[in-house]
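In what follows, a structure is listed as structure tokens, so that the remarks can point back to it.
The values are calculated or read from the model by the stated rules, or taken from the named source; none is laboratory data. Owing to the predicted nature of the structure, the values given are computational and were not obtained by experimental measurement. Note that each Cβ is placed from the backbone with ideal geometry, even for glycine, and that neighbours are counted across all protein chains shown.
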């Protein structure tokens with residue numbers, strides 16, 4: 001079976017759309033500290049222009065909230081027990097790519 005046919009069959013077997021699956025994966029990876037988090041964030045930034053607006057809007061909002069929580073946690077590490085909502089520095093750097101692709105980066109952040 002050709003790869004394209006297999007991918008179509010695989011997607012038709014899912015109850016969610018590709019956009020919804022991307023949103024679920026985003027929620028899964030947000031805050032995790034693995035190399036695949038960085039890979040997913042890079043891929044999400046590249047795929048950003050192709051997301052349906054409803055899903056892009058949800059991710060944009062959730063990512064913005066995560067950056068706010070992460071900023072607070074980094075400013076007051078003793079209060080937050082060392083937990084960083086965006087993961088380590090390398091993870092945060094990759095989420096910055098998504099934020100830039102989403103057009104939600106803040107000046108000076």
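Looking only at the range 10-28, which residues are loosely packed, with under 12 Cβ neighbours inside 10 Å and outside any helix (DSSP H, G or I)?
Across the range 10-28, the qualifying residues are 14, 15, 16.
Is it fair to say residue 31 is within 14 Å of residue 100 (Cβ to Cβ) and in contact (Cβ under 8 Å) with a residue 12 or more places away in the chain?
Considered against the rule, which asks whether it is within 14 Å of residue 100 (Cβ to Cβ) and in contact (Cβ under 8 Å) with a residue 12 or more places away in the chain, residue 31 comes out as no.
Within the range 2-9, identify whether any single residue is part of a helix (DSSP H, G or I), touching a residue at least 12 places away in the same chain (Cβ under 8 Å) and either surrounded by 12 or more Cβ atoms within 10 Å (Cβ to Cβ) or out of contact with any strand residue (DSSP E or B) (no Cβ under 9 Å at 6 or more places or on another chain) (or both), and answer yes or no.
no
Does residue 52 meet the test of being in contact with a helix residue (DSSP H, G or I) (Cβ under 7 Å, 6 or more places away or on another chain) and touching a residue at least 40 places away in the same chain (Cβ under 8 Å)?
no
Filter the range 29-45 down to the residues that are surrounded by fewer than 18 Cβ atoms within 10 Å (Cβ to Cβ), in contact with a helix residue (DSSP H, G or I) (Cβ under 8 Å, 6 or more places away or on another chain) and outside any loop (DSSP other than H, G, I, E, B) and list them by number.
Selection gives 36, 42.
Does residue 64 qualify as being assigned to a helix (DSSP H, G or I) and surrounded by 14 or more Cβ atoms within 10 Å (Cβ to Cβ)?
Taking the combined requirement at face value, the residue satisfies it.
Cβ contacts < 9 Å: first residue under 20 Å from residue 34 (Cβ atoms), restricted to the range 61-86; second residue at pLDDT 90 or above and exposed (fewer than 14 other Cβ atoms within 10 Å of the Cβ), any location; separation 6+ or different chain. Result?
So the pair list comes out as 62/27; 84/33; 85/65; 85/68; 85/72.
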